[in-house]
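See below for the structure under consideration.
The values are calculated or read from the model by the stated rules, or taken from the named source; none is laboratory data. Keep in mind that this is a model prediction, so the values were computed, not measured. Neighbour counts run over all protein chains shown; Cβ positions are idealised from the backbone, glycine included.
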Amino acid sequence: MAVSINFPVYSDALVVLGTAGVVVPMVRYFGLNPVLGYLGAGMLLGPLGLGSFIERLPFLYWITVVDPENMRGIAELGVVFLLFFIGLELSFARLMSMRRLVFGLGGLQFLLTTAALSLIIAATGYTASISLILGAFLALSSTAIVLEILAARGELTSGTGRACFGVLLAQDLAVIPILMFESILGANGAGPLPLTVAKALGDAGAAIAGIVIVGRVVLRPLFRLVGALQSHELLIAAVLFVIIGTGVLAAAAGLSMALGAFVAGLLLAETEYRKALEAIVEPFKGLLLGLFFFTVGMGIDLREIVRDPLAILALVCGLIALKASITAALARAFGQPWRVALQTGLLLGPGSEFAFVADGLAVSLGLIDADLAGFILVVTSLSMALIPPLAHAGDWFASIIDPQSPPHPAPPPPPDGQKRRAIIVGYGRVGKVVTSLFDEHQIPYVGTEIDPELVTQARRSRRDVYYGDARHPAFLKACGLMDASALIVTIGAQATVDAILEGVRQLRPDMLIVARAKDTEHARHLYKIGVTDAVPETVEASLQLAEAALVGLGVPTGKVLASIHEKRDCFRAELREAAEKNISATPTL
């Protein structure tokens, strides 16, 4: 008996997955941003693109999206995951270290830009509430595209990178009150603006307080319970449950799901599970956010551009010019050099992916009509498409203003301690000794441990140790593997040690790796797979026994220590030589 399936849903899903698997890699190959790839694919393959020709060309049914609603529910989860990830990356300490750029430069940039845009929109006849909403989400800049461009150019820690990050962080924080304001305004209808804002803040504050209380009581015990089972699959399930569960709680309280997920991420940001959660959420966030941008692209009608290209071009250029001018002037007022101020202004002048979220929410709540929303989508998307050329334009203008400086000035070198930052795997008997010595010599490190009880002990001792399985490279990346100088593996399970080292060597072939070995045979194996230094337990035990015995028998301590060091060097050289011979003797296929 044939099984009946919903062909429209599956065909639409195949189009979106094909975009993720084929179109986006091609976009990356040509050096473009994947966000722009998703938007472009959505415009081309959506019902307003090639899908509008299905009646004349039926074969297009299989390469276009027939019904955007088939994907919209899943795609909206991309924004929920993005807000959770942003909350997870924030912490009070991080905000305080950048408070001048975040709350000073970023806060003023958002407020002044929102005020200017709102006044312009209000002058066209819209109410104060609608003008404020439109002005607020048009004032935002693209976190996804700007940070990726800065990372690709190695400028995240440069003056421009720090200024952009500070402003973007302030804007990310501002997204939450924007969504709250929209939700409450849509639920209660138009009214006096001060009363509407006061009620929005009151209702939202009560709902958020409830989520925070429940989260503090439930979240840490939940992850401690799941972590004790040491099951990566159960941990993934717990993360998904928390993100969607807090989103549903927020939605039930009349707020957005994204707000609930953001609060959950903020609650977990200071816990020992933060790094493991970052590693789990990242691939989900990327795929679901890609689906979201694809569905946004489906709502962009290219006929709007053809109908009135000069008006669209004028609005795009006007939006970028206004935002860039305000941002550059404020950056200069906060002591940034003209080069940095100009580059920051041009990077942050275009619109933001969050504008699509706020735009869609405003339509669903009946605050603005679909025609206006579509027009805003076109303007915002085109402005975002201009971010890469604007980055190059910023370099060109900066070279004219300050021709003596290099186009991409290197960031100041980090302090010696930060240069030597390490990752220590394991917080058992050996790991506790290693971390204590690192603390004594003031060498910064990030520790990892799979046992939640040991992680709790470490956190109580104010050690920077996080729960997670170091066999997963994504988790080590979240711990800073790509920037760390050394990896110290203190655990004894041979298969686990081998799995960790093989994964790390693929990502960081140049990294200093010191690993604990069970015996000399295991040490030879570790040298063979690329460890920098292996420490066999049997050898160290024999050396310590000999040292204690010789000192006890009256041999001078200095002579004993010298001979012990010499013997240790001999053992190390023999093990390395044996490993190299083993490698050279291995036939190549």
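Spot the failing condition for residue 236; the list is (1) over 27 Å from the mean Cα position of the chain (by Cα); (2) surrounded by fewer than 18 Cβ atoms within 10 Å (Cβ to Cβ), and only one is missed.
Residue 236 satisfies all of (1) over 27 Å from the mean Cα position of the chain (by Cα); (2) surrounded by fewer than 18 Cβ atoms within 10 Å (Cβ to Cβ) except (1).
Residue by residue, here is whether (1) surrounded by 11 or more Cβ atoms within 10 Å (Cβ to Cβ); (2) over 15 Å from residue 524 (Cβ atoms); (3) modelled with pLDDT of 80 or more holds:
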| residue | (1), (2), (3) |
| --- | --- |
| 536 | yes, no, yes |
| 545 | no, yes, yes |
| 564 | yes, yes, no |
| 571 | yes, no, no |
| 584 | no, no, no |
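Is it the case, given these coordinates, that residue 136 is surrounded by fewer than 20 Cβ atoms within 10 Å (Cβ to Cβ) and over 23 Å from the mean Cα position of the chain (by Cα)?
no
Scan the stretch 393-412 and give yes if some residue there is closer than 30 Å to residue 307 by Cα, assigned by TED's automatic domain parsing to the domain that holds residue 169 and either modelled with pLDDT of 80 or more or among the β-branched types (Val, Ile, Thr) (or both), otherwise no.
Scanning the stretch 393-412 turns up at least one residue that is closer than 30 Å to residue 307 by Cα, assigned by TED's automatic domain parsing to the domain that holds residue 169 and either modelled with pLDDT of 80 or more or among the β-branched types (Val, Ile, Thr) (or both).
Taking the options 357, 363, name whichever one is free of Cβ contacts under 8 Å to residues at least 24 places away in the same chain, in the same structural domain as residue 177 (by TED's automatic domain parsing) and touching a helix residue (DSSP H, G or I) at 6+ places or on another chain (Cβ under 6 Å).
Within the list 357, 363, the selection yields 363.
Take the residues of the stretch 518-534 that are of a type in the set (Gly, Ala, Ser) and under 35 Å from the mean Cα position of the chain (by Cα): which is farthest from residue 429 (Cα to Cα)?
In this case the residue turns out to be 530.
Spot the failing condition for residue 495; the list is (1) modelled with pLDDT of 90 or more; (2) farther than 14 Å from residue 232 by Cβ, and only one is missed.
It is condition (1) that residue 495 fails.
Only helices (runs of 4 or more DSSP H) wholly contained in the stretch 60-122 count here; list those with 1 or more residues that are modelled with pLDDT of 75 or more and touching a Phe, Trp or Tyr at 6+ places or on another chain (Cβ under 9 Å). I'd like the intermediate steps shown before the answer.
On the way: elements: 69-89, 92-97, 107-122.
Correct list: 69-89, 107-122.
Of the residues 488, 513, which is among the β-branched types (Val, Ile, Thr), more than 22 Å from residue 89 (Cα to Cα), touching a Leu at 6+ places or on another chain (Cβ under 6 Å) and not in a loop (DSSP other than H, G, I, E, B)?
Exactly one of 488, 513 is among the β-branched types (Val, Ile, Thr), more than 22 Å from residue 89 (Cα to Cα), touching a Leu at 6+ places or on another chain (Cβ under 6 Å) and not in a loop (DSSP other than H, G, I, E, B), namely 513.
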